[in-house]
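The values are calculated or read from the model by the stated rules, or taken from the named source; none is laboratory data. Keep in mind the model is a prediction, meaning the values are calculated, not measured. FYI the Cβ positions are ideal-geometry reconstructions off the backbone, even for glycines, and counts take in every protein chain you see. Ligands, DNA and RNA are stripped out before the accessible areas are found, and what is left, the full protein with its side chains, is counted by its heavy atoms. Shrake-Rupley method; radii C 1.70, N 1.55, O 1.52, S 1.80 Å.
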Amino acid sequence: DRIAELIHKWSPRAQGPLVHVHCPSLSSALIEDELFGHEKGAFTGAHSRRMGPFEFAAGGTLVLDEVAGLPPAGQVALLRLLEAREVVPLGGTRRVPLDVRIVATSSRDLAREVERGAVRRDLYFRLNVAQVSVPPLRLRRQAIPDLVAAFLRRFNTSAARPVTGVVPQVMDVLFEHDWPGNVRELENVL
């Protein structure tokens, strides 16, 4: 997520919206509505038009967080969208052209997920334009002091009593921990 935010922030699209979609939380039964939105009257209870995240992200960046968790129907719908570069809201007839950068994130190795059959091969190759691999924190413990300093700076902007640092004994404990929750776990611990 942090790298996706930096990609957005440091790009010509920085003035556009940054929209996050957590793929595993999308309902298989409502996937097209959740991704593309719907028109008024598209189904019972659709009292007004609802834009989907791709339209909200127009001119900016859409982050597909944990894309490996996208249900199969969502993978097909996403592939169609990527190929056509347009979206048709559920119940609609007009095509909405898309101008959005897509950043897909995954904590799983997507190539392995393709081999397992969990991710469509054609979707993988469509998304895999540029790949940034970030090793887990347990494999880059040398980054812990810099991350601790950065988190403390951020926390101190709103702290009633600023923290000036971490004692060596605490830093030793941080280095010894395995960090299964990665950088988010470190942030929460601090």
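Packing around the peptides 101-109, 156-164, taken as the average count of other Cβ atoms within 10 Å per residue, puts them in this order, highest first: 101-109, 156-164.
Considering only Leu90, Trp179, Val114, and ranking their Cα positions along the charge dipole of the range 90-190 that arises from unit charges at the beta-carbon of Lys, Arg, Asp and Glu, the one farthest toward the positive end is Leu90. Given in Å, the Rg to one decimal and the Dmax to the nearest whole number for the Cα atoms of the chain are 20.1, 64. Solvent-accessible area per residue in the chain equals 61 Å², computed with a 1.4 angstrom probe and all protein chains kept.
Computed about its Cα centre, the charge dipole of the range 1-85 is approximately 260 debye, with only Lys, Arg, Asp and Glu carrying charge at their Cβ. Find how many whole Å separate the alpha carbon centroid of the range 63-112 from the alpha carbon centroid of the range 151-190. Each part's Cα centre sits 36 Å from the other's.
For the range 1-62, with all protein chains in place and a probe radius of 1.4 Å, 59% of the accessible heavy-atom surface sits on carbon or sulfur.
Taking Cα centre as origin and charging only the Cβ of basic (Lys, Arg, +1) and acidic (Asp, Glu, -1) residues, the dipole magnitude of the range 79-190 rounds to 440 debye. Amide H contacts under 5 Å for Ala46: Gly41, restricted to partners 5 or more places along the chain or on a different chain, H placed in the peptide plane at 1.01 Å from N. Summing Cβ point charges (Lys, Arg +1; Asp, Glu -1) relative to the Cα centre of the chain gives a dipole of roughly 400 debye.
Couplings 3J(HN,Hα) of the range 145-162, computed from phi: x, 5, 5, 4, 4, 5, 5, 4, 4, 5, 5, 5, 5, 10, 7, 5, 10, x Hz, in residue order, whole Hz [Karplus 6.51 cos²θ - 1.76 cosθ + 1.60, θ = phi - 60°; x for Gly and Pro]. Here the simple spin-label model places points 7 Å from the Cα toward Cβ, and for Asp178 and Arg80 these points are separated by 4.4 nm.
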